[in-house]
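Engineer: Can you read through this structure? Questions will come right after.
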Amino acid sequence: MAKFIVNGGNTLEGKVKINGAKNAALPILAAALLADSPSVLKDIPNLRDVSNLCEIIRGMGATVNRSGHSVEIDPSDLNTYETDKELAKKLRASYYILGVMLSKYGEARTALPGGCNIGNRPIDLHLKGFKALGAEVSLNHGIVEVKADKLVGDKIYLDYPSVGATINIMLAASLAEGKTVIENAAREPELVDLANFLTVMGAKIKGVGTDIIKIEGVNKLEGKEHRIIPDRIEAGTYMIAAALTKGDVFVKNVLTEHIKSLIAKLHEMGLEMVEDISGVRVKGNGKLDSVDVKTLPYPGFPTDLQSQMMVLLTQTEGTSIIKETVWENRFMHVDELKRMGADITIDGHSALIRESSLSGAEVTVTDLRAGAALVLAGLIGDGKSEVRKIHHVERGYEGIEKKLSSLGADIKRVK
Ligand code: EPZ
């Protein structure tokens, strides 16, 4: 198992370039299969989740050629609507294949993706949407199967603005007959990016980015070229790293309108930031003030930046409260941070954070964003930290140790 060795205390300075967004790339890679001709996708990040999804797509007969951050997908030779079970379990986003294959072939089958340990990751809202469009859904021995002679548009109310369910329904409705309306839809920027790609391919979608999405089914979609939006969560992670180490970092390739909630919170804490067209400059200055944070669906504070923000809040004067409202078990980083001396008390879905000085320790990563938080903690922890099970981190951060080293961090990846 690979691990990171981090020696804390260095200030981060310089420029870091953000990659394309993982959570936009995954549904867009799947959406390319809806067309009958090739698509070229640019700014696809080199991440394990992306490689696994490309493997799943190749296993279904499509051609996938990657060079650098570009991926060409030619779906002409697709020969099945079923994903490779073992691969599908490795990657939650494999369930996007359901919406795509249901839409294109009227049938789809995939292994229920492994529950990530931040919550039990149900897909009931995805299946509710498929049923509303006329599909029969069955769940046997961990295999999800959806079938429909014909998909017909309908109105679907999402009990929770689920990102995945909104995406899957949009994928299924694109080639369905008639009109579909998704109410209480998710509004995440990655959804808007997917809808932009589908629209260029010929889909008729209105209202993405609001809580009411209207889709008029079409007969076919054309493969097109598309550039993925920057990863707002990767960007936020490096902005917090700059603040933590009292550094001076230009985070390049950021759409700051996608992280208004983080920027507002960092301003409230007294952090100096300068936004420009191509990114944002973060200058860590004196003591930061404590603030309270509540994670919410977009445009609220993103749950995927909660653990990273928690590390920053240990460095502020006073007491902060984080309330995690999206996932039921997303405080697994707390125990590890406490091993480094963090003064954090959990009460249900809230965490109370007091000013603490962190010292290096051996810590273990439990999930992707918890891992990012532990790396950040290592940057300021006094002495050496060993961050283990970093494969979780490499699912969502391309070259994190290289990017941090180029900013002056003392971090190495060892087997
Ligand atoms: C996406 O997950 C992201 N993953 C997550 O990022 C992110 O945390 C999440 O959205 C929220 O922003 C990808 O895009 C690949 P949800 P998703 O469906 O789609 C409940 C990361 O670190 N729910 O919006 O699975 C669910 O239990 C990952 O990059 C249902 O009840 O999130 C949860 O409480 C982690 N029924 C809430 O909705 C359903 O059918 C949010 O889930 C689906 C979801």
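The values are calculated or read from the model by the stated rules, or taken from the named source; none is laboratory data. Here the structure is a predicted model, which is why all the values come from computation and not from measurement. Note that we place each Cβ from the backbone using ideal geometry, even for glycine, and neighbour counts take in every protein chain shown. Side chains included, ligands, DNA and RNA excluded: accessible areas come from the protein's heavy atoms. Shrake-Rupley method; radii C 1.70, N 1.55, O 1.52, S 1.80 Å.
Engineer: Only bridges with both residues in the chain count here: give the DSSP antiparallel percent, nearest 5. Mind dumping the intermediate values first?
Structural biologist: Numbers: 57 of 81 bridges.
If we restrict to bridges inside the chain, about 70 percent are antiparallel.
Engineer: Could I ask something else about it? To one decimal place, what orientation-averaged projected area in nm² is obtained for the convex hull of the Cα set of the range 22-227?
Structural biologist: 9.6
Engineer: Whats the longest run of the chain with zero GluC sites (Glu not before Pro) that are DSSP loop and have at most 16 other Cβ atoms within 10 Å? List each step's numbers first, then the result.
Structural biologist: On the way: sites that count: 222, 328, 355.
Counting only loop sites that pass the neighbour cut-off, the longest clear stretch is 1-221.
Engineer: Give me the dipole magnitude in Debye, nearest 20, for the chain about the Cα centre, with unit charges on the beta carbon: positive for Lys and Arg, negative for Asp and Glu. Walk me through the numbers on the way to the answer.
Structural biologist: Numbers: 52 positive and 54 negative charges, 95 e Å.
For the chain, the charge dipole is close to 460 debye.
Engineer: Still on this structure, I have one more. How much accessible area per residue does the range 258-309 have, counting only protein heavy atoms and a probe of 1.4 Å, in square angstrom?
Structural biologist: On a per-residue basis, 41 Å².
Engineer: Stretched out fully, how many nm does the piece from residue 347 to residue 268 gain, at 0.36 nm a residue minus the Cα gap?
Structural biologist: Details: separation 79, 0.36 × 79 = 28.44 nm, distance 2.43 nm.
Residue separation times 0.36 nm, minus the Cα-Cα distance, leaves 26.0 nm.
Engineer: OK, next. Using just the Cα positions, wrap the range 1-92 in a convex hull and report its mean projected area in square nanometres, one decimal place. Numbers along the way, then the final one.
Structural biologist: Working: hull surface 32.0 nm².
Reported value for the Cα convex hull: 8.0 nm².
Engineer: Cα axis of helix 22-31 to longest principal axis of the chain: angle in degrees, 0 to 90, nearest 10?
Structural biologist: 10
Engineer: Under 16 Å from the Cα of residue 283, which lysines turn up, not counting those fewer than eight places away in the same chain?
Structural biologist: 15, 246, 252, 265
Engineer: Using the heavy atoms of the protein chains alone and a 1.4 angstrom probe, what is the accessible area of the range 22-227 per residue in square angstrom?
Structural biologist: Working: 7950 Å² over 206 residues.
Accessible area per residue: 39 Å².
Engineer: Between the helical axis of 368-380 and the dominant principal axis of the chain, each derived from Cα atoms, what acute angle in degrees is found, rounded to the nearest 10?
Structural biologist: Roughly 20 degrees between the two axes.
Engineer: Pairs of Cα atoms under 8 Å, at least six residues apart: use those to get the relative contact order of the chain, whole percent. Each step should come with its number before you reach the end.
Structural biologist: Numbers: 1039 pairs, mean separation 88.2, N = 415.
This gives 21 percent for the chain.
Engineer: Hey, which lysines would be in cross-link range of residue 155, C-alpha to C-alpha under 24 Å, not counting anything within fewer than 8 residues on its own chain?
Structural biologist: 104, 128, 131, 147, 179, 204, 206, 214, 220
Engineer: Roll a 1.4 angstrom probe over the protein heavy atoms and tell me the percent of accessible area of the range 249-345 that is carbon or sulfur.
Structural biologist: Working: 1950 of 3810 Å².
The C+S portion of the solvent-accessible surface of the range 249-345 is 51 percent.
Engineer: Go ahead and estimate [θ] at 222 nm for the chain from helices alone: -39,500 (n - 2.57) per DSSP H run with n ≥ 4, summed, over the residue count, rounded to 500. If you can, show how the numbers build up before the last one.
Structural biologist: Numbers: 14 runs with 133 residues, N = 415.
Only helices count here, giving -9000 deg cm²/dmol.
Engineer: Classify the range 110-240 as rounded, prolate or oblate from the Cα gyration tensor: take a ≥ b ≥ c as the square roots of its eigenvalues, call it rounded if a/c is under 1.5, otherwise prolate when a/b beats b/c and oblate if not. Spell out each step's value before the answer.
Structural biologist: On the way: a/c = 1.69, a/b = 1.11, b/c = 1.52.
It is oblate, given that a/c is not under 1.5 and a/b is not larger than b/c.
Engineer: If you don't mind, there's one more thing I want to ask. How far is helix 96-105 tilted off the main Cα axis of the chain, in degrees rounded to 10, range 0 to 90?
Structural biologist: So the inclination is approximately 10 degrees.
Engineer: Starting from the Cα gyration tensor of the range 255-406, multiply each eigenvalue by 5, take the square root, and state the resulting semi-axes largest first in whole Å. If you can, show how the numbers build up before the last one.
Structural biologist: Numbers: eigenvalues 92, 72, 57 Å².
Semi-axis lengths for the range 255-406 are 21, 19, 17 Å.
Engineer: Also, I was wondering about something else. Only sites in a loop by DSSP and with at most 16 other Cβ atoms within 10 Å count here; which trypsin sites (Lys or Arg not before Pro) in the range 149-225 make the cut? Write down the numbers at each step before the final one.
Structural biologist: Numbers: sites: 150, 155, 179, 187, 204, 206, 214, 220, 224; in loops: 150, 187, 220, 224.
Hits after loop and neighbour filter: 150, 220.
Engineer: Where the centre of each part is set by its Cα atoms, how far does the range 1-78 sit from the range 240-260, in angstrom?
Structural biologist: A separation of 23 Å, based on Cα centres.
Engineer: Ignoring ligands, DNA and RNA, what percent of the accessible area of the range 22-227 is carbon or sulfur (1.4 Å)?
Structural biologist: Values: 3670 of 7950 Å².
Carbon and sulfur together cover 46 percent of it.
Engineer: Moving on to the next point. Where Rh is the Kirkwood radius over the Cα pairs of the chain, the temperature 37 °C and the viscosity 0.692 mPa s, what D in µm²/s does Stokes-Einstein return? Present the calculation step by step, with values, prior to reporting the outcome.
Structural biologist: Details: Rh = 21.8 Å.
Diffusion coefficient, whole number: 151 µm²/s.
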